[in-house]
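> Handing you a structure now.
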Amino acid sequence: MQRQTDILHTILSIAIQRGPEKSTCPSEIARMLFPEDWRKHMKNVVDAAIDLHNQGKVVITQKGIPIDVNQIRGPIRIKII
């Protein structure tokens, strides 16, 4: 549970720092929090980003366009609204 809280907090923190004009890749978050085995945690980071998206706190995009998070295919980016 603490791990999920850390992921959520880090996503929001980075998104706020970058502002609405810039985005971040989920792998950046995973690398910050889990430098030794970040790939293993990618699903957790993406799931946390989806939770924040569903709460209206961030938007998930592909090629700069907001997407339906129920049909994610390919790389995504996360940004603050």
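The values are calculated or read from the model by the stated rules, or taken from the named source; none is laboratory data. Since the structure is predicted, the reported quantities are computational estimates derived from the model, not experimental observations. Neighbour counts are summed over all protein chains in view; Cβ atoms, including those assigned to glycine, are modelled from backbone coordinates with ideal geometry. Areas reflect the complete protein model, heavy atoms only, side chains present, ligands, DNA and RNA absent. Shrake-Rupley method; radii C 1.70, N 1.55, O 1.52, S 1.80 Å.
> Helix-only mean residue ellipticity at 222 nm, the chain, DSSP H runs n ≥ 4 weighted -39,500 (n - 2.57), per residue, nearest 500. What is it? Could you put the intermediate results ahead of the total?
Working: 3 runs with 38 residues, N = 81.
Rounded to the nearest 500, it is -15000 deg cm²/dmol.
> Order of 66-76, 25-35 by packing, highest average Cβ count within 10 Å first?
Numbers: 66-76: 11.0, 25-35: 17.5.
By packing density, highest mean first, the sequence is 25-35, 66-76.
> So between residue 43 and residue 63, what do we pick up on full extension, going 0.36 nm a residue minus the alpha carbon distance? If you can, show how the numbers build up before the last one.
On the way: separation 20, 0.36 × 20 = 7.20 nm, distance 2.01 nm.
In short, 5.2 nm is gained.
> Taking every pair of alpha-carbon atoms in the chain, what share in percent sits in each 5 Å bin, from 0 to the bin with the longest distance?
Going out from 0 Å in 5 Å bins, the chain shows 3, 17, 30, 28, 16, 5, 0 percent.
> Roll a 1.4 Å probe over the protein chains and send me the accessible area per residue for the chain in Å². Let's see the in-between values first.
On the way: 5220 Å² over 81 residues.
Ligands and nucleic acids excluded, the result is 64 Å² per residue.
> Residue 71 to residue 18: extension gain in nm, 0.36 nm per residue of separation minus the Cα-Cα distance? Working shown, then result.
Details: separation 53, 0.36 × 53 = 19.08 nm, distance 2.56 nm.
Extra length available between residue 71 and residue 18 comes to 16.5 nm.
> Counting only protein heavy atoms, what percent of the accessible surface of the chain is carbon or sulfur at a 1.4 Å probe? Display every interim value, and only then the final one.
Numbers: 2730 of 5220 Å².
Using a 1.4 Å probe with all protein chains present, the chain comes out at 52 percent carbon and sulfur.
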